[in-house]
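Derivation of every value follows stated rules applied to the coordinates shown; laboratory data play no part. Just so it is clear, the structure is predicted and the values come from calculations on it, not from any experiment. Cβ coordinates were reconstructed from backbone atoms using ideal geometry, including for glycine residues, and neighbour counts include every protein chain displayed.
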Amino acid sequence: MSQSDTERATFAGGCFWCVEAPLERLAGVRSVTSGYAGGETEDPTYEEVCSGTTGHAEVVQVEYDPSAVGYDELLEVFFTVHDPTQLDRQGPDVGTQYRSAIFYHDEEQREIAEAFVEELEAAGIYDDPIVTEIEPLEAFYEAEEYHQDYYAKNPNDAYCTFHAEPKIKKVREKFATKVRE
């Protein structure tokens with residue numbers, strides 16, 4: 001399959017390691033790249049993003065085969081692995097860089113994401129309102145190499161064991177027919 005047969009989706013749901021690892025396990029996902037989006041600073045560093053002054057969020061950019069996994073399915077997994085009701089935080093990570101956001105690549109993604117959130121709200125899935133931002137992707141900056149495939153390279157890291165591993169387990173259980181391995 002050529003790259004032209006794939007599409008991209010970009011999500012922010014707290015620490016990028018905790019979103020990257022579960023999404024990498026889905027059949028149809030070709031790659032997941034950790035990075036930064038939604039801010040003003042051009043090509044920021046991890047330290048700059050962590051300072052909370054750049055406006056960026058930690059994000060993952062997913063390259064996927066839409067004939068094998070749909071954008072709506074990616075959204076379903078994304079909303080399973082993070083809490084979209086927490087404003088500017090996920091678990092122990094606090095700050096705008098850890099906000100919940102969907103950075104859409106085109107109008108179709110925007111429409112699908114907005115409808116998906118409306119359906120979740122109408123179904124009363126969460127006790128609190130969803131605060132996930134839905135905005136156009138202006139720029140994506142790839143994170144430093146040591147952040148890429150972090151869980152795979154560091155499965156015994158305490159943060160990964162405590163935060164990423166339960167999300168992977170949840171995806172394996174809830175989406176068993178869509179997980180490869």
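Quick rundown of the values:
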quantity	calculated
Computed over the chain: relative contact order in percent, which uses C-alpha pairs under 8 Å that are six or more apart	31
Calculated [θ] (222 nm, deg cm²/dmol) that DSSP helices of n ≥ 4 give over the chain, each run adding -39,500 (n - 2.57)	-9000 deg cm²/dmol
Dipole magnitude of the chain about its Cα centre (Cβ charges: Lys, Arg +1; Asp, Glu -1), debye to nearest 20	900
Relative packing of 100-109, 118-127, 145-154, 31-40, which averages over residues the other C-beta atoms within 10 Å, highest first	31-40, 100-109, 145-154, 118-127
Cut-off 9 Å between beta-carbons: net charge of the residues surrounding TYR150, Lys and Arg +1, Asp and Glu -1	-2
Protection proxy ranking, peptides 75-85, 167-177, 56-66, average beta carbon neighbours within 10 Å, highest first	56-66, 75-85, 167-177
